[in-house]
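Structure first, then comments.
Read-outs throughout are calculated quantities, based only on the coordinates presented, and are distinct from any laboratory measurement. Computed from a prediction, not measured in an experiment: that's the story for all the values here. Counting neighbours? That spans all protein chains shown, and the Cβs are built from the backbone with ideal geometry, glycine included.
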Amino acid sequence: MNSLKLWLTLRVHRRKGYEELIDHQLKLARSFAGWVDSSEDFELAVPQTRPIVTLRLKAGGLNPVQLAAATATIVEEVTRDGSRWISDTVVRGQSAMRMMVVSYLTEDRHLPGLETALTNAANGRISKVETGGLRRERG
């Protein structure tokens with residue numbers, strides 16, 4: 001089935017079009033990775049080499065259980081309305097998030113919304129870590 005998808009994509013877009021699509025996806029991922037690098041709240045969990053960016057919350061004294069809870073809360077906040085999609089994962093034993101540029105419809109204009117949603121989820125909604133989990137502010 002995957003070979004059929006590739007064949008159809010090549011048939012519709014031709015090789016040059018497919019190469020341009022992949023280049024565009026990589027450019028978007030590099031741009032997002034650059035934002036992560038300059039973020040006060042997030043860091044790259046691994047270097048970005050594909051149209052996949054794996055990031056994590058800068059731990060700031062969180063233990064692994066608290067970091068996993070914070071990561072899950074951020075993913076839930078960011079994806080709640082269905083307009084953005086990220087997933088949680090584990091990298092080298094630590095909770096992380098993954099953003100992938102896989103749709104040919106993804107454009108530069110989509111990244112600022114994701115960046116804002118991530119920042120808001122990290123700062124505005126999660127007030128502090130307490131024993132037993134996260135306390136979330138209302139609002």
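Pairwise Cα distances in the chain exceed 24 Å in 36 percent of cases.
Rounded to the nearest Hz, the phi-derived 3J(HN,Hα) couplings of segment 15-24 under the Karplus curve 6.51 cos²θ - 1.76 cosθ + 1.60 (θ = phi - 60°) are 4, 4, x, 5, 4, 5, 4, 5, 4, 5, where x marks glycine and proline. The local environment of Ser83, defined by Cβ-Cβ distances under 15 Å, has a net charge of -2 under the rule Lys, Arg +1 and Asp, Glu -1. Among residues other than Thr106 with Cβ under 15 Å from its Cβ, the summed charge is +1 (Lys and Arg +1, Asp and Glu -1).
Please report the net charge: other residues with Cβ closer than 13 Å to the Cβ of Ala68, K and R +1, D and E -1.
-1
By the Kirkwood approach, averaging reciprocal distances over each pair of separate Cα atoms, segment 55-94 gets a hydrodynamic radius of 10.8 Å. Under a 10 Å cutoff between Cα atoms, tell me which one of Ser83, Ser31, Ser95 has the largest fluctuation in the Gaussian network model of the chain. So, out of Ser83, Ser31, Ser95, the one fluctuating most is Ser83. Set the Förster radius R0 to 25 Å, insert the Cβ-Cβ distance between Val91 and Asn123 as r into 1/(1 + (r/R0)^6), and round the FRET efficiency to 0.05. Plugging the Cβ-Cβ distance into 1/(1 + (r/R0)^6) gives 0.65.
Ranked from highest to lowest mean number of other Cβ atoms within 10 Å per residue, what is the order of the peptides 113-121, 99-107? Walk me through the intermediate numbers first.
Working: 113-121: 17.1, 99-107: 14.4.
Answer by packing, highest mean first, reads 113-121, 99-107.
Say R0 is 35 Å: what FRET efficiency, to the nearest 0.05, do Val12 and Lys58 get from their beta-carbon distance? Using R0 = 35 Å, I get an efficiency of 0.25. In this label model, Met1 and Ala68 are separated by 3.0 nm, measuring between points 7 Å along each Cα→Cβ vector.
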